[in-house]
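Read the structure below first, then the notes.
The values are calculated or read from the model by the stated rules, or taken from the named source; none is laboratory data. Please read all numbers here as calculations on a predicted model, not as lab measurements. Here the Cβ positions follow ideal geometry from the backbone for every residue, glycine too, while neighbour counts run over all protein chains shown.
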Amino acid sequence: MTEVGHVLTGVAIGILSMPKITTVKQKTVYMAAFMLIATIPDWPFKGWGHDRYYLSHSLFVTLLFIFLMVIILMISKKIRIGIGDWSVVIGGSFAWLSHLLLDSFYNHGKGIAIYWPFSKARLALPIPWFDVGIGSLSHIMRVFLIEFINYFPLFLLALLIRWKWNTPNPTI
């Protein structure tokens with residue numbers, strides 16, 4: 001999968017879980033954070049990402065990192081850094097977990113080793129029109145476009161829901 005679907009899904013989740021903030025700068029920081037969180041399993045570090053796909057795409061490794069995020073949030077509350085509240089942690093967790101689900105949709109024949117290190121079983125939920133972005137530039141652009149068409153509605157739906165939450169109900 002390309003980053004298009006991961007980023008759009010991460011931002012959609014961020015829109016729904018971001019605290020009620022007013023400045024454009026704060027909103028930009030939150031959206032950038034959710035974009036990054038949603039792409040963490042693919043980060044190109046040695047021993048991580050596609051270098052060790054089974055490790056970075058494991059549910060148990062993901063849950064361990066989410067647990068560490070909760071601890072960091074608790075410590076930040078004590079020292080008053082104020083990086084967010086529980087809605088941000090829950091949203092960040094869903095953004096990271098969304099990466100695993102979205103990668104399982106691709107028909108590359110491998111699936112993801114979601115149960116590693118406890119099982120070698122792989123999760124594959126292939127959607128026929130999703131393809132990996134390997135090949136010519138025109139093929140990669142087609143993959144980007146297909147992902148955009150499929151995941152941009154999530155972004156729009158999140159904006160609509162957030163707008164409805166923030167719109168006061170008229171009194172009758």
Take region 132-147 and flag every residue that is over 19 Å from the mean Cα position of the chain (by Cα), part of a loop (DSSP other than H, G, I, E, B) and not aliphatic (A, V, I, L, M). Gly135, Ser136
In region 130-144, what count of residues is obtained for those that are surrounded by 13 or more Cβ atoms within 10 Å (Cβ to Cβ), of a type in the set (Val, Ile, Thr) and either farther than 17 Å from Leu101 by Cα or in contact with a Lys or Arg (Cβ under 6 Å, 6 or more places away or on another chain) (or both)? 2
If I filter region 14-29 for residues that are farther than 27 Å from Asn166 by Cβ, modelled with pLDDT of 90 or more and within 15 Å of the chain's Cα centre (by Cα), do I get at least one hit? no
For region 12-129, which helices (runs of 4 or more DSSP H) that fit wholly inside it have 2 or more residues that are free of Cβ contacts under 8 Å to residues at least 40 places away in the same chain, hydrophobic (A, V, I, L, M, F, W, C) and surrounded by fewer than 14 Cβ atoms within 10 Å (Cβ to Cβ)? 24-39, 59-78
